[in-house]
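Below is one structure, written out as structure tokens; comments come after it.
The values are calculated or read from the model by the stated rules, or taken from the named source; none is laboratory data. Not measured: the values here are computed from a predicted model. Quick reminder, even Gly has a Cβ in these numbers, built from the backbone with ideal geometry, and neighbours come from all protein chains shown.
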Amino acid sequence: MTWDIQTYFNQFFKGTKDPSLEAMQYFMDVYQDIEKNMKFIHIAGTNGKGSCVEMLYQVLREQGYRVGKFMSPHLVRYNERICVNDVDITDDEIWELIKELDIHVKKYNETHVHAVTLFEFETIMALVYFYRKQVDFVILETGLGGLYDCTNIISAPLVSIITSIGYDHMDILGNQLSEIAYQKAGIIKENSHTVFFKQEEEVNTVIEKVCQEKNNQLHMLTKENIQQYHYDMEFQYFDYFNLKKVAINLKGKMQVYNASICLETIHILNQLGYTVTEKSIRKGMVSVIHKGRMEQIYKMPLILFDGAHNEPAIRNLQKNIQMYYPYQKKCYILSILKRKDYETVMKLLLEDTNAKFILTSGNDEEEFVKSEILYEVAKRYRKQGQDIIQQTLEEAISSVIQQNHNMVHFVVGSFYVYGNVIKKIEEINHVRNESC
């Protein structure tokens, strides 16, 4: 991202404001409701949104459709957030949209108490971009919640997807699962379809009730829909109704549940008259890559990146580690945002009694919990024999590559350090190549 673009974005408030879609409706009025001329798959949930985005995107691309995807956060470059057919929006395209939209931002801010937020600007920028690119489908990931999320300005998605729901952003979405579920269920629209994997009863009840009120056809999936499940170190395999031995290369049982959500969504699209063949489904599912989720980023020593940052995601990570690396000694490199429940994350990870922990302050002192604070938390939950140290993020990556070839390393706690970790690995590889 260029300096000019970053400077422009820095003027916006980056958080949330009073729940309202007023600003988004203002822009839709300016642009003659362009959202009504696009076909959306809308995805909300606490965890699993990104995985579903990537699987659906890959399958539809295999079928030959022109597909836009809007998701956050980015991992390396901001431009990743807005993408059409594997091509990210360019800096020049962002700058042209900034110049076009800025006049409307200023008009809105002059006449309203609450100014346009950064995510509102990003969302309208994405919608205008997708409209002009004449995409066949837009796969749209919510930013936070659903009911008052900026993306919820769309009025008639082909399918709404609600992935796993758990405790995160409780200060905004509520402290009870039923309250959080109600916010996520805000993306359910009249006379449409919703795909949802059965969860806790209090969550199920909310989703069922909203679908009934909206005359929305609920496709509630269960574990019983998944048959003949097995896995190896490369793929997971399962049957989903008439689709036998579907293979995915994403790791962990939760990804199988996400995959079943995507298969049901494709089934709905076929029923609605769109063509997606079994060949495209299989090829798309087996080839999808979802960076930052149990992703191997270094081979020797083995380093995996997983952006798990809340209680359900950490518990899922623990299950995955038990599946794939039950006997190896582990090392966790931790960076956690201040706005996350870092004590719970630490408490859960410290259940690994024979592990090493490297605590970092992430890549931004304003946003991340200081390693000293993480260390104080760790002391409350540490077990005998656990090695807990503090390092910078860059020092942590360098040290494990140089010293710990007999351990499996997990970079955990935030997606926002992914770019820094990859950059450091590339620097190390460059130095090694130069010295050869």
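Worth pointing out:
- Number of positions in region 291-336 that are farther than 21 Å from Ile397 by Cβ and in contact with an Asp or Glu (Cβ under 6 Å, 6 or more places away or on another chain): 1
- Residue in region 175-187 that is assigned to a strand (DSSP E or B), crowded, with 23+ Cβ neighbours inside 10 Å and in contact with a Lys or Arg (Cβ under 9 Å, 6 or more places away or on another chain) present: no
- Spans of strands (runs of 3 or more DSSP E) in region 197-295 with at least 3 residues under 20 Å from Ile41 (Cα atoms): 217-221
- Hey, Val246 surrounded by 19 or more Cβ atoms within 10 Å (Cβ to Cβ) and assigned by TED's automatic domain parsing to the domain that holds Ile41 or not: no
- Matching residues, region 360-392, being over 24 Å from the mean Cα position of the chain (by Cα), modelled with pLDDT under 95 and under 23 Å from Gly419 (Cβ atoms): none
- Strands (runs of 3 or more DSSP E) wholly inside region 319-410 that include at least 1 residues being touching a residue at least 60 places away in the same chain (Cβ under 8 Å) and in contact with a helix residue (DSSP H, G or I) (Cβ under 9 Å, 6 or more places away or on another chain): 330-334
- Candidate set from region 336-351 (those that are of a type in the set (Asp, Glu) and at pLDDT 95 or above); member that is surrounded by the most Cβ atoms within 10 Å (Cβ to Cβ): Glu343
- Test result for Gly64, surrounded by fewer than 21 Cβ atoms within 10 Å (Cβ to Cβ) and either under 17 Å from Ala308 (Cα atoms) or over 14 Å from the mean Cα position of the chain (by Cα) (or both): yes
- Pairing each residue of region 183-208 that is among the polar types (S, T, N, Q) with any residue that is at pLDDT 95 or above and part of a helix (DSSP H, G or I), provided the two are 6+ apart or on different chains, yields C-beta distances under 6 Å for Thr194/Cys211.
- Taking the criterion of being surrounded by 17 or more Cβ atoms within 10 Å (Cβ to Cβ) and in contact (Cβ under 8 Å) with a residue 40 or more places away in the chain, the residues of region 75-100 that qualify are Leu75, Tyr78, Asn79, Arg81, Ile82, Val84, Ile89, Ile94.
- Residues in region 41-95 that are hydrophobic (A, V, I, L, M, F, W, C) and within 23 Å of Lys279 (Cα to Cα): Ile41, Cys52, Val53, Met55, Leu56, Val59, Leu60, Val67, Val84.
- When residues in region 406-436 are screened for being buried (at least 21 other Cβ atoms within 10 Å of the Cβ), in contact with a strand residue (DSSP E or B) (Cβ under 6 Å, 6 or more places away or on another chain) and of a type in the set (A, V, I, L, M), 3 of them pass.
- Among residues of region 101-115, those that are within 21 Å of Ser20 (Cα to Cα) and not in a loop (DSSP other than H, G, I, E, B), counted: 10
One line per residue, one yes/no per condition, for (1) part of a helix (DSSP H, G or I); (2) more than 17 Å from Met38 (Cα to Cα); (3) free of Cβ contacts under 8 Å to residues at least 12 places away in the same chain; (4) touching a Lys or Arg at 6+ places or on another chain (Cβ under 7 Å):
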position: Ile124; (1), (2), (3), (4): yes, no, no, no
position: Phe130; (1), (2), (3), (4): yes, no, no, no
position: Gly146; (1), (2), (3), (4): no, yes, no, yes
position: Thr151; (1), (2), (3), (4): yes, no, no, no
position: Ser155; (1), (2), (3), (4): no, no, no, yes
